[in-house]
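Quick notes on the structure that follows.
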């Protein structure tokens, strides 16, 4: 499974969501490197563990997972000739304490989560190490009780410090030195007890000068009586430091002896951190432990794309029994791409040991490969066009596909000549099917619907579309190919129906009547008014000229006639008048045509039942709606415009 697949399915976003719940950096790093497994049993066990972890979380217990802050760095110091410092042992004490709590916690959950709780039995007995460090280190320092020698040294230090204070206080209180001292205050300079003496009397007090005031008028002297004690104190502090080093060395040796066991314990804590992060994410997305198989059977019930959350329209699809390749057609922005991405992402998540948002009874198969071609994949560095780049990717897919492959291809055959693109799409689908893959493909080529319906192992699918609101429903319908809905959308945006009808004829080689919407009706009505005005002008001209009435064929309303010079068909809107002119409805537009220029094609009696309401054909939807309202009640200001 290559990096392109992970990027196309946006798996890194799923990883980021799960990582939010991890407490340790080591746990986050492990989640960031999640890779799919191809072993059915390994994946089943991983999913089952998450289910057990969720049971523990549901009980409301706070799992004592240690943050492991700095533990890996500490372990890196071992057996390299370095002595650990007291603050390092403080970290070890906290970690060992969390291990002790985890052991107690999990032993209490054996009946609820037997597999998850069993990991604590891999922890060695660190009680001796814990007791030694806890006894020797307190508040980040070596404690007096760490050794008898250290305790004795520190007692001597306290005694000597007390003696030094006593001696310096005697100097301050002495009448002999009273006139030499600036103030009766004892201060510390570089660790020495000093008194402030006036500069001019510095030679009157025997001692060492350690500082001078800013003005230079005062010097700070350590009296000779105190200096002797200070030297002894320094020697004691050196002894103290040596003893602390000795204790830290002994503790470091104890830790190093348990390095292997500590690493196992750290790995266990990381595993728990990752496991409970997955469990919390499963709770967030309402995920479940999906059933697995290795028979290429996919059955998703009310599956949701995890990044879309509860706003996602549920997906229901079953593959691998009666058909192995699903071809999804339909309008753009209708949800085709999201559908195949959902299947691919849920499969990948499952093989990475994550729960997925589906209903119980859903099944997924384990695939050795998920090969994806989604998006334009344009490679600027290699100066490849969109189509060339995608073909290069599809060639790689065709090369690597086998009977353990899930293939997802979006807008198959797009980006080139429609005829050639459709041919390529069919050839690619056939080859993938022959290789035994499970294939999800989307396409905008309507011809592929016929291919899928006429070939064994293939099935059509489409994205549901609301023809009333002209909006996609984002719901997959199996067994039915979809239309692009471009004509309906164009009509809803105000394009004249006669243009839509022409486009339909060119595309599908058949005629279809499209009824105008409100904006189209206004444009149509303006043309009708122009037609009526022209007719009135002709009638006046005919009366002035007093032309004779001519006999003409008896065309009736609703007759379907052929117009040879236009090579078009029309429907009689009004029979011939006194001069033989017939009003025809031709592709939604009324035209006046002399009876000599049209031929009967099919009489109305053969096309419509008796007493048929021709307003359905000739009248606008808006006017029919108004007439229906007025038939029920009077509506103030509501009018219907009729042709004169």
- Task: Could you check the stretch 282-347 for strands (runs of 3 or more DSSP E) lying wholly inside it with 2 or more residues that are buried (at least 21 other Cβ atoms within 10 Å of the Cβ)?
- Result: 298-303, 315-319, 325-329
- Message: Every residue in the stretch 171-190 that is farther than 12 Å from residue 221 by Cα and touching a residue at least 24 places away in the same chain (Cβ under 8 Å), please.
- Response: 177
- Query: Filter the stretch 390-423 for residues that are at pLDDT below 80 and in a helix (DSSP H, G or I); which is surrounded by the most Cβ atoms within 10 Å (Cβ to Cβ)?
  - Reply: 421
- Can you name every residue in the stretch 475-518 that is under 30 Å from residue 341 (Cα atoms), at pLDDT 75 or above and crowded, with 19+ Cβ neighbours inside 10 Å? 476
- From the options 240, 232, residue that is surrounded by fewer than 17 Cβ atoms within 10 Å (Cβ to Cβ) and either in contact (Cβ under 8 Å) with a residue 40 or more places away in the chain or assigned to a helix (DSSP H, G or I) (or both): 232
- Message: Taking the criterion of being in a helix (DSSP H, G or I), more than 60 Å from the chain's Cα centre (by Cα) and exposed (fewer than 15 other Cβ atoms within 10 Å of the Cβ), would at least one residue in the stretch 174-195 satisfy it?
- Response: no
- Message: Just to be sure before I move on: is residue 358 touching a strand residue (DSSP E or B) at 6+ places or on another chain (Cβ under 7 Å), assigned to a loop (DSSP other than H, G, I, E, B) and surrounded by fewer than 21 Cβ atoms within 10 Å (Cβ to Cβ) in the structure I sent?
- Response: no
- Could you tell me whether the stretch 106-127 includes any residue that is in contact with a strand residue (DSSP E or B) (Cβ under 9 Å, 6 or more places away or on another chain) and closer than 30 Å to residue 77 by Cβ? no
- Query: If you go through the stretch 578-595 one residue at a time, do you hit one that is over 54 Å from the mean Cα position of the chain (by Cα), within 29 Å of residue 499 (Cβ to Cβ), modelled with pLDDT of 80 or more and in a helix (DSSP H, G or I)?
  - Reply: yes
- Would you list the helices (runs of 4 or more DSSP H) that sit entirely within the stretch 6-107 and hold 2 or more residues that are assigned by TED's automatic domain parsing to the domain that holds residue 373, out of contact with any helix residue (DSSP H, G or I) (no Cβ under 7 Å at 6 or more places or on another chain) and farther than 24 Å from residue 368 by Cα? none
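The values are calculated or read from the model by the stated rules, or taken from the named source; none is laboratory data. Owing to the predicted nature of the structure, the values given are computational and were not obtained by experimental measurement. Because the Cβ atoms are built from the backbone with ideal geometry, glycine has one as well, and the counts that use them run over all protein chains shown.
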